[in-house]
Amino acid sequence: MKKIFTFLLALASSSFAFSQHDHVCGSDLMHNRLKQEDPEFEQRQEDYNRQLREKIAEMKSNGERDEEVYIIPVVFHIVHNYGPENISDEQIYDQMRILNEDYRLLNEDITDVVPEFQDIVGDARIEFRLPTKDFAGNCTNGIDRIASTETYIGDDGSKLNAWPRDRYLNVWIVSTMEDGVAGYAYYPSAVPSGISAMRDGVIIRHNYIGSIGTSSLNNSRALTHEIGHWLNLQHVWGNNNQPGINCGDDDVEDTPESIGWTSCVLDGSECNTGVIENVQNYMEYSYCSNMFTEGQVVRMRAAASLSLAGRSTLWSESNLIFTGIAEGYEAYCAPNADFYADKPVACIGEDVTFFDYSSQADVTSFLWTFPDGSTSTEASPTFQFSNGGWQEVTLEATNAYGSSTKTKNAIFVINSNNFYNNFVQEKFENPYYFYSDFISRNLDSNASLFHWTDAAGYDDSFSCRLNAFDFTSDFIDTGNDDIDELIFPSMNLSGLTNGATMTFRYAYATQATDIQDVTDKFELFSSRNCGATWNGRNPQGQSNPTVTGAALVTAGNSSEYFTPSSQSDWKLITYSIPNTLWQSDVLFKLVFTTGDYPNNFYIDNININGFVGVEELEGKAANFEIYPNPANDNAQISLSLNNASDVTITLTDVSGRIIDTISKYDMPAGVNYMNISTANYADGMYMVTVKTATGSSMQRLIIRK
């Protein structure tokens with residue numbers, strides 16, 4: 001459960017486009033919480049409203065209409081996990097068009113306003129622009145894309161990478177939101193200063209942005225509504241989120257008392273006989289909103305003129321210069337090339353689609369280069385890889401002001417001759433194997449990541465660690481729901497027999513004082529189709545794939561950076577491997593989700609047990625090393641003998657089939673060297689067994705050409 005540290009107000013839910021009132025009353029809930037948690041809130045709100053009334057009176061007493069247009073810089077933070085919520089730039093531009101039409105009385109449907117309100121429709125004389133400079137003076141197109149699973153949470157903790165609110169109106173776009181709401185914003189009095197400034201702005205679901213892409217015409221005025229709250233407008237029926245229940249007033253003189261409407265009843269009159277309510281107001285939920293009143297315009301402009309919450313700074317000439325909006329101060333930028341694939345792993349011959357992820361400026365032309373030398377000029381090309389392993393892809397992104405190039409290992413491709421043919425054991429002794437074969441995925445763009453470590457292990461000093469202690473939390477939440485994934489190498493499990501299992505050991509401590517407060521969890525999943533779909537695997541003795549809560553903790557609690565210090569800190573986990581997985585190209589994925597008090601998580605000694613004819617990798621009777629490993633055409637064995645002995649070296653695949661045998665008689669004591677020619681062997685993993693008079697030892701050899 002998220003822990004919100006400071007105070008909340010005015011959860012203006014659903015905001016506009018709901019056909020029925022089926023959402024939670026967030027405004028009342030959050031308002032009441034604020035009253036309970038912040039004893040100064042009510043006085044602060046009263047003081048602000050007094051200042052607002054004085055400002056409105058001053059504006060009216062001047063007599064002449066203030067024609068100055070307030071121009072407000074807006075930055076859109078798209079918080080996404082590479083799904084449909086990662087909306088296009090074009091959808092943002094469409095939303096900007098709608099905002100500026102609505103706030104400047106340029107919307108085509110203004111002619112649909114019923115006669116009773118035609119004389120009081122208001123031009124807010126407020127315009128919104130995307131900045132060309134960020135807060136550090138760098139080029140930007142005003143669209144900030146952030147990969148994070150916070151997109152599925154949609155609360156104040158999802159407001160990542162806030163830009164200074166006295167220079168930009170921050171808008172966060174997410175996939176889903178708490179309580180099923182469409183969006184919300186805070187009144188200026190709710191976010192006066194300090195940490196509360198980090199939550200100032202609007203957060204809204206992606207399908208309520210603009211009228212194209214993932215959104216629709218019905219949903220296209222939601223942001224108009226939310227920015228109304230940000231400029232201190234209430235719902236027309238009053239400061240609550242319960243339309244259709246009681247008649248109320250919004251403290252604006254020319255909006256009639258209203259009951260609140262969730263459908264378009266143009267002649268609706270529930271509160272005062274013969275008085276039609278302003279059903280078409282942007283601060284209603286009616287589906288046919290198309291106007292502000294003159295009174296609302298005065299209230300918004302007054303809010304924008306007061307210094308509280310930085311509103312009056314935003315539209316100042318100095319800020320328009322700072323943000324690159326003022327004429328003559330615009331920045332013209334080349335794109336900063338970047339891209340991503342639609343999946344982290346794929347099989348040979350499988351379609352993989354690549355998407356532009358460039359930042360800073362719009363891209364007008366693309367040049368993609370793939371490993372076989374082929375190219376594409378499409379914005380989102382699809383490619384089929386013919387080789388396995390990590391695949392390098394290059395994007396050159398260009399516009400009228402320049403270009404930039406990005407090359408990266410874009411995807412791991414699995415082929416049937418995978419390197420873990422009947423995978424037996426992983427003890428993480430060699431970081432090369434880990435970084436070349438395992439895939440670590442940080443889904444939240446922060447410091448935590450599965451990585452190789454030599455700080456601790458179950459029976460040596462090597463393991464895989466997730467540095468969850470280093471999780472970079474935000475300023476509002478305690479930092480839970482961070483998700484990290486470790487995808488194991490592709491495995492050929494066709495040699496398994498009944499009773500086959502996967503085992504591994506893990507170590508974990510919590511920062512929670514009471515381990516009953518632990519909400520962290522890990523889960524194991526398997527895939528038979530190159531990661532297209534995943535199925536949860538249940539540890540033996542459990543009915544679900546999740547190990548969570550107090551049962552997860554193996555080493556008590558620690559407020560320090562946890563490192564296991566003894567074998568008692570490690571716990572053995574066993575998974576049965578069903579016959580549905582006895583095939584080639586099987587993937588396993590470990591997923592760790594942090595709770596409120598995370599610490600480091602370690603994994604070691606991964607074993608697959610149950611192959612035909614394969615012994616476990618154990619025994620230290622013969623002390624030998626293999627190098628290079630991985631090998632290409634040749635590998636050399638360095639063998640240390642205490643006494644002279646006959647020596648037999650056997651090379652097998654892990655199904656137990658003997659590939660080669662080398663025998664040496666009466667090998668002298670000391671260090672001896674022997675060559676193995678691997679030029680004619682297929683890529684993959686092999687087992688090298690060295691047998692002497694005192695016993696035998698086994699090590700794996702990777703062959704890669």
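The values are calculated or read from the model by the stated rules, or taken from the named source; none is laboratory data. Remember, it's a predicted structure, so these values are computed and weren't measured experimentally. Note that each Cβ is placed from the backbone with ideal geometry, even for glycine, and that neighbours are counted across all protein chains shown. Just the protein is used for accessible areas: all its heavy atoms, side chains included, with ligands, DNA and RNA removed. Shrake-Rupley method; radii C 1.70, N 1.55, O 1.52, S 1.80 Å.
General observations
- Among the candidates Ser305, Ser312, Ser318, residue that is within 22 Å of Asp200 (Cβ to Cβ) and open to solvent by 40 Å² or more (accessible area, probe 1.4 Å): Ser318
- Subset tally (residues that are touching a helix residue (DSSP H, G or I) at 6+ places or on another chain (Cβ under 8 Å), surrounded by fewer than 21 Cβ atoms within 10 Å (Cβ to Cβ) and at pLDDT below 80) for the range 466-499: 3
- Check on Ser193, of a type in the set (Ser, Thr, Tyr), more than 26 Å from Thr140 (Cα to Cα) and surrounded by fewer than 24 Cβ atoms within 10 Å (Cβ to Cβ): yes
- Among the candidates Leu572, Leu524, Leu590, Leu486, residue that is more than 15 Å from Asn607 (Cα to Cα), assigned to a strand (DSSP E or B) and touching a residue at least 40 places away in the same chain (Cβ under 8 Å): Leu486
- Number of residues in the range 500-510 that are buried (at least 23 other Cβ atoms within 10 Å of the Cβ) and among the polar types (S, T, N, Q): the value is 1.
- Across the range 160-186, the number of residues qualifying as open to solvent by 10 Å² or more (accessible area, probe 1.4 Å) and modelled with pLDDT of 90 or more comes to 11.
- Lone qualifier among Ile98, Ile87 - being surrounded by 16 or more Cβ atoms within 10 Å (Cβ to Cβ), of a type in the set (A, V, I, L, M, F, W, C) and part of a helix (DSSP H, G or I): Ile98
- Scanning the range 275-285 for residues that are at pLDDT 90 or above and surrounded by 16 or more Cβ atoms within 10 Å (Cβ to Cβ) gives Ile276, Glu277, Asn278, Val279, Gln280, Asn281, Tyr282, Met283, Glu284.
- Candidate set: the range 104-129, residues that are assigned to a loop (DSSP other than H, G, I, E, B) and open to solvent by 40 Å² or more (accessible area, probe 1.4 Å); chosen: the one nearest to Glu330 (Cα to Cα): Arg104
- Residue check for Gly213: small (Gly, Ala, Ser) and open to solvent by 10 Å² or more (accessible area, probe 1.4 Å): yes
- Condition check for Ala136: of a type in the set (A, V, I, L, M), open to solvent by less than 50 Å² (accessible area, probe 1.4 Å) and out of contact with any Leu (no Cβ under 6 Å at 6 or more places or on another chain): no
Okay, residues lined up against (1) without any contact (Cβ under 8 Å) to a residue 60 or more places away in the chain; (2) among the β-branched types (Val, Ile, Thr); (3) out of contact with any His (no Cβ under 6 Å at 6 or more places or on another chain):
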residue	(1), (2), (3)
Val121	no, yes, yes
Arg125	no, no, yes
Lys133	no, no, yes
Ala136	yes, no, yes
Gly142	no, no, yes
Tyr152	no, no, yes
Asp155	no, no, yes
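- Filtered residue count, the range 46-64, keeping only those that are part of a helix (DSSP H, G or I), open to solvent by less than 100 Å² (accessible area, probe 1.4 Å) and not β-branched (Val, Ile, Thr): 10
- Residue in the range 546-566 that is in contact with a strand residue (DSSP E or B) (Cβ under 7 Å, 6 or more places away or on another chain), open to solvent by 50 Å² or more (accessible area, probe 1.4 Å) and of a type in the set (A, V, I, L, M, F, W, C) present: no
- Annotation for the range 276-283: at least one member residue is of a type in the set (Ser, Thr, Tyr), touching a residue at least 24 places away in the same chain (Cβ under 8 Å) and touching a helix residue (DSSP H, G or I) at 6+ places or on another chain (Cβ under 7 Å).
- Condition check for Tyr681: crowded, with 18+ Cβ neighbours inside 10 Å, in a loop (DSSP other than H, G, I, E, B), under 47 Å from the mean Cα position of the chain (by Cα) and not β-branched (Val, Ile, Thr): yes
- Among residues of the range 287-339, those that are of a type in the set (S, T, N, Q) and in contact with a helix residue (DSSP H, G or I) (Cβ under 8 Å, 6 or more places away or on another chain), counted: 9
- Breaking point among (1) farther than 25 Å from Thr132 by Cα; (2) open to solvent by less than 30 Å² (accessible area, probe 1.4 Å), for Phe339: (1)
- Restricting Ser386, Ser404 to residues that are in contact (Cβ under 8 Å) with a residue 40 or more places away in the chain and either under 30 Å from Gly684 (Cβ atoms) or part of a strand (DSSP E or B) (or both) narrows the list to Ser404.
- Matching residues, the range 593-614, being open to solvent by 30 Å² or more (accessible area, probe 1.4 Å) and part of a loop (DSSP other than H, G, I, E, B): Tyr597, Val612, Gly613, Val614
- The C-beta contact set for the range 54-77 (first residue acidic (Asp, Glu), second residue outside any loop (DSSP other than H, G, I, E, B) and modelled with pLDDT under 95, distance under 8 angstrom, 6+ apart or interchain) comprises Asp66/Met59.
- Condition met for Thr513 (open to solvent by less than 60 Å² (accessible area, probe 1.4 Å) and in a loop (DSSP other than H, G, I, E, B)): no
- Residues of the range 197-228 classified as under 21 Å from Tyr282 (Cα atoms), assigned to a helix (DSSP H, G or I) and not aromatic (Phe, Trp, Tyr), total: 9
Here's the yes/no breakdown for (1) over 38 Å from the mean Cα position of the chain (by Cα); (2) modelled with pLDDT of 95 or more; (3) open to solvent by less than 20 Å² (accessible area, probe 1.4 Å):
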site: Trp237; (1), (2), (3): no, no, yes
site: Asp250; (1), (2), (3): no, no, yes
site: Asp267; (1), (2), (3): yes, no, no
site: Thr273; (1), (2), (3): yes, no, no
site: Thr293; (1), (2), (3): yes, yes, yes
site: Arg299; (1), (2), (3): no, yes, yes
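- Residue in the range 421-436 that is buried (at least 19 other Cβ atoms within 10 Å of the Cβ), closer than 22 Å to Asn336 by Cβ and modelled with pLDDT of 90 or more present: no
- Within the range 252-264, restricting attention to residues that are in a loop (DSSP other than H, G, I, E, B) and open to solvent by less than 50 Å² (accessible area, probe 1.4 Å), the residue that is farthest from Val297 (Cα to Cα) is Thr262.
- Selection status of Leu367, at negative phi, open to solvent by less than 50 Å² (accessible area, probe 1.4 Å) and at pLDDT 95 or above: no
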